[in-house]
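A short worksheet on the structure shown next.
Every number here is computed from the coordinates shown, using simple stated rules; none is lab data. Predicted model, so just to flag it, every value in this text is computed and none were measured. For neighbour counting, all protein chains shown are included, and Cβ atoms are generated from backbone atoms with ideal geometry for every residue, glycine included.
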Amino acid sequence: VKPMTPRCTVPKAVPVGKTASLHCHENEGYPKSTYSWYRNSEPLSPDTKSNAKFQNSSYTLNPATGTLVFHAVHKGDTGRYSCIATNDAGFAKCEEQEMEV
């Protein structure tokens with residue numbers, strides 16, 4: 001069963017240095033969906049250590065739960081965030097939401 005449009009929760013504004021939690025979830029898809037996050041239409045790597053582009057970012061992304069947590073946000077984390085839920089039957093994307101730091 002193709003995933004339905006996931007419900008995304010993105011904080012509107014977060015003070016520099018604070019923690020920000022972004023959530024993405026849908027429960028129609030079967031098999032269970034995995035989640036990927038995008039900032040300004042660019043995919044966020046689930047593995048920040050191995051990807052040079054994301055080494056300055058302090059976030060953890062859990063593809064199984066759809067949770068994206070910034071441990072200490074900085075100005076560079078400002079942007080439009082969206083999430084895609086994917087399974088064998090297809091994918092669905094939530095609307096982009098702005099997060100300002």
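Counted by Cβ distance under 14 Å from Asn27, the other residues give a net charge of +1, where Lys and Arg count +1 and Asp and Glu count -1.
Taking 18 Å as the straight-line reach from the Cα of Lys2, the aspartates and glutamates in range (excluding those fewer than 8 positions away in the same chain) are Glu26, Glu28, Asp88, Glu95.
Among residues other than Gly17 with Cβ under 13 Å from its Cβ, the summed charge is +1 (Lys and Arg +1, Asp and Glu -1). Counting charges near Val73 (Lys, Arg +1; Asp, Glu -1) among other residues having Cβ under 14 Å from its Cβ returns a value of +1.
With each pseudo-label sitting 7 Å past Cα toward Cβ, what's the Thr60-Lys32 distance in nm, one decimal? A separation of 1.7 nm, rounded to one decimal place.
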